[in-house]
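**Student:** If you scroll down you'll find the structure; I have some questions about it.
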């Protein structure tokens, strides 16, 4: 007997309380929906009966008739949620279904308890002390065994509990239920921190800045410039919670490399005869300075620890400079990465490298910087980075060219009151992600109901994002001097200025995330829907309606609300796990134990890179606030031309492309390739080595690289490893 039978309409009560409003615990008002009552009873039924018999089915139908009838007789305008639950409980008892009544009461009590525990600091701290994997393993690049990370996790656990109490009750409730995800709850809203940003390095270098007690002047060499850059990154990362990016680093650092050249030229004039020899000497010395400076920056970033107990999530963008100094900086960045870290030449996790492709600059063999593109290809086959940006496509999608803030969050084109295009010094104020697969599952194949629930949830997301903005505006410049007073955010504020001066008029972005377009379409069109044009149009329409909403909010509130393809490192698991508990195993949706991230092609079908990019290229137009495409490859070290074919194919189709290729290495047997995930970590498939000291395992997580093997084993590590691998594939 299928459960769909129990969902028939109660014929004599079709007109029941069409205008009746249900008042939720969090104060929200929603339309009365008998299907939600039926779903709760069926959920309780699962705990009591092995199967639904015809007799039980008839009993439930009679219970539903009586419940709806009593509500109709007693309530005519609104009804509180607990009043509905009380009616259900006593009617179940009246019908002699005492076991079912107990299960229903227990189910409701458990839901209330879960909500209460989420804001109970003692309970949440105990989860941390017990090393609950949802707490200690939420971030792939945080080592929970380290003291300062433990301190940050403790503070974050308290901040989550307090933050849930601070935000609007209906927003907190939607987050706890899994309808939405309020990102970075361990930092915000407890503290009015910003998310990710493009640091204004150019302005800070030219005008000087202050860190702690030190007044820092403009650098007089490239070595000093990169040392200052590392210090700025550490301080910015400790004053916000998201990633930080350096845009056009080759062009920013070139003037300081030129200072080195001028110093060497002055020495050469004094000691070397002949202009040609003098220039050759100065260039050779400057070339070494540049390489050493970029190597130092790589090491410094990878050895930094922010106050959050992690290496700052840093992105370096480069590739557009064409003079000698800019070219040398680009080549040095790539050569340093190819060489690797330390005596074992391990792959550097940070900074994330993003190389810009541009027609006429480096895309084709006749272009002046084509040789650097070839070096970037070699680097990507050996170290997975750099990811690549297609210059013309980024301008088309976002309105101007710039690298992402962090891993994938893009600013939209913005012009100051003086008519100047501004990118560096701008920021994002946070993300809230909508659980799209849940809406599809709740609508039971009814598209009209899908859109009804969708728009209801969009209202909650709007409230959550507006709250994020208003909370960040409560910060003062003195809370984060490096950001607001000393130039990281561009315009420098006085201590009593409003930080909103740097956010309003769409200078800052705030992001509406989403997850699981694949699963949504699967719910309505089946698992093989990618070639179904009607199904794809449906998924695009979801993003189109999201963008229409964010455009409306932008006009209404004056901040740039954008649609963002969420980097769901743990969210692919969280949403699916919660929906699996609610709806059970649903083939090709919850039974996979992960949701497909954003708009990506179902990786289980193993599409070619060309098929994947051709399919995905239509989506970023509607989610230009954040996106990235990935392609899976075998070992590519001996075949960079194959990777170049994909880059060239992608140039006019997608704006931002990453490479997933096996680069794990075993130092015992010298194996190169992909290690196997096991209960002990990752294992060399050639010799069985699992010792992190003698192997280098690097995986994509959340748009960045991660080294899961290097972190100590903790309780639940095997499940985390499986989740990480699934996430990488789902990208």
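**Student:** Could you compute the FRET efficiency for residue 105 and residue 639, with r as their C-beta to C-beta distance and R0 at 45 Å, rounded to 0.05?
**Tutor:** 0.10
**Student:** Which of 501, 328, 534 has the fewest other C-beta atoms within 10 Å, and how do the rest follow up to the most? Mind showing how you got there, number by number?
**Tutor:** Values: 501 14, 328 23, 534 10.
Final ranking by Cβ density, sparse to dense: 534, 501, 328.
**Student:** To continue, here is another question. Return P(r) of the stretch 447-527 (all Cα-Cα pairs; 10 Å bins starting at 0; whole %; ordered from short to long distances).
**Tutor:** 15, 32, 21, 16, 12, 3
**Student:** Looking only at Cα atoms, what is the convex hull volume of the stretch 513-658 per residue, in Å³?
**Tutor:** Values: hull volume 19.1 nm³, N = 146.
So the per-residue Cα hull volume is 131 Å³.
**Student:** Normalised by the number of residues in the stretch 589-704, what is the relative contact order in percent for Cα pairs under 8 Å and 6+ residues apart?
**Tutor:** It rounds to 18 percent for the stretch 589-704.
**Student:** Taking only Cα atoms of the stretch 216-300, what ratio of Rg to Rh do you get with Rh as the Kirkwood inverse-distance radius?
**Tutor:** Result for the stretch 216-300 is an Rg/Rh of 1.10.
**Student:** Taking one equal scatterer on every alpha-carbon of the stretch 295-389, how large is log10 of I(q)/I(0) by Debye at q = 0.18, 0.21 1/Å?
**Tutor:** Normalising to I(0) and taking log10 leaves -0.79, -1.02.
**Student:** Roughly speaking, what is the centre-to-centre gap between the stretch 494-566 and the stretch 475-492 when only Cα atoms are used, to the nearest Å?
**Tutor:** Taking the Cα centre of each part, the stretch 494-566 and the stretch 475-492 sit 28 Å apart.
**Student:** Take 498, 562 and order them by how many other Cβ atoms sit within 10 Å, fewest up front.
**Tutor:** With the fewest neighbours first, 498, 562 line up as 498, 562.
**Student:** Would you mind pulling out the separation of the Cα centroids of the stretch 402-431 and the stretch 64-110, in Å?
**Tutor:** So the two Cα centres are separated by 52 Å.
**Student:** Find how much the distance from residue 555 to residue 604 grows on full extension, using 0.36 nm per residue of separation minus their present alpha carbon separation; answer in nm with one decimal. Each step should come with its number before you reach the end.
**Tutor:** Details: separation 49, 0.36 × 49 = 17.64 nm, distance 4.05 nm.
Going from the current span to full extension adds 13.6 nm.
**Student:** Is the shape of the stretch 379-477 rounded, prolate or oblate, going by the alpha carbon gyration tensor and its root eigenvalues a ≥ b ≥ c, with a/c under 1.5 for rounded and a/b larger than b/c for prolate?
**Tutor:** oblate
**Student:** Right, something else. Over the Cα atoms of the stretch 434-476, each weighted equally, I'd like the Debye log10 I(q)/I(0) at q = 0.15, 0.25, 0.31, 0.33 Å⁻¹, rounded to two decimals.
**Tutor:** One equal scatterer on each Cα of the stretch 434-476 leads to -0.46, -0.78, -0.99, -1.05.
**Student:** What's the FRET efficiency of residue 532 with residue 277 using the Cβ-Cβ distance as r and R₀ = 51 Å, to the nearest 0.05?
**Tutor:** Computed FRET efficiency for residue 532 and residue 277: 0.15.
**Student:** What ratio of Cα Rg to 2.2 N^0.38 Å holds for the stretch 609-684?
**Tutor:** 1.39
**Student:** Taking every pair of distinct Cα atoms and averaging 1/r, then inverting, what Kirkwood hydrodynamic radius in Å comes out for the stretch 320-368?
**Tutor:** 12.4
**Student:** With runs of 4+ DSSP H residues as the only contributors, calculate the mean residue ellipticity of the chain at 222 nm using -39,500 (n - 2.57) per run, divided by the residue total and rounded to the nearest 500. Don't skip to the end; give the middle numbers.
**Tutor:** Values: 24 runs with 342 residues, N = 731.
After summing the helix terms and dividing by residue count, I get -15000 deg cm²/dmol.
**Student:** Which whole-number value in Å³ per residue fits the convex hull of the alpha carbons of the chain?
**Tutor:** Convex hull volume per residue, Cα atoms: 174 Å³.
**Student:** Please give the length that would be gained between residue 679 and residue 476 if that part of the chain were fully extended, namely 0.36 nm times their separation in residues minus their C-alpha to C-alpha distance (nm, one decimal).
**Tutor:** Details: separation 203, 0.36 × 203 = 73.08 nm, distance 4.72 nm.
This chain segment gains 68.4 nm when fully extended.
**Student:** Follow-up question, since we're still on this one. Could you put 675, 649 in order, starting from the residue whose Cβ has the fewest other Cβ atoms within 10 Å? Could you put the intermediate results ahead of the total?
**Tutor:** Values: 675 25, 649 16.
Taking fewest neighbouring Cβ atoms as first place, the list is 649, 675.
**Student:** State the Cα centre-to-centre distance between the stretch 332-401 and the stretch 211-251 in whole Å.
**Tutor:** Using only Cα atoms, the two centres lie 22 Å from each other.
**Student:** Rounded to the nearest 10 degrees, what's the angle between the helix 324-339 long axis and the longest principal axis of the chain, both from Cα atoms, 0 to 90?
**Tutor:** For 324-339 against the chain, the angle is about 60 degrees.
**Student:** Additional query: Using alpha-carbon pairs under 8 Å, 6+ residues apart, how would you state the relative contact order of the chain in percent?
**Tutor:** Worked out over the chain, it gives 12 percent.
**Student:** Run the quick spin-label model on residue 672 and residue 448: label points 7 Å from Cα toward the beta carbon, then report their separation in nm to one decimal.
**Tutor:** In this crude spin-label approximation the distance works out to 6.1 nm.
**Student:** What FRET efficiency do you get for residue 296 and residue 49 if R0 is 56 Å and r is their Cβ-Cβ distance, rounded to the nearest 0.05?
**Tutor:** Working from the Cβ atoms, E equals 0.25.
Quick note: the coordinates plus some simple rules give every number you see, no bench work behind them. Bear in mind the structure is a predicted one, so any value in this text is a computation, not a measurement. Glycine also receives a Cβ, built like all others from the backbone with ideal geometry; neighbour counts cover every protein chain displayed.
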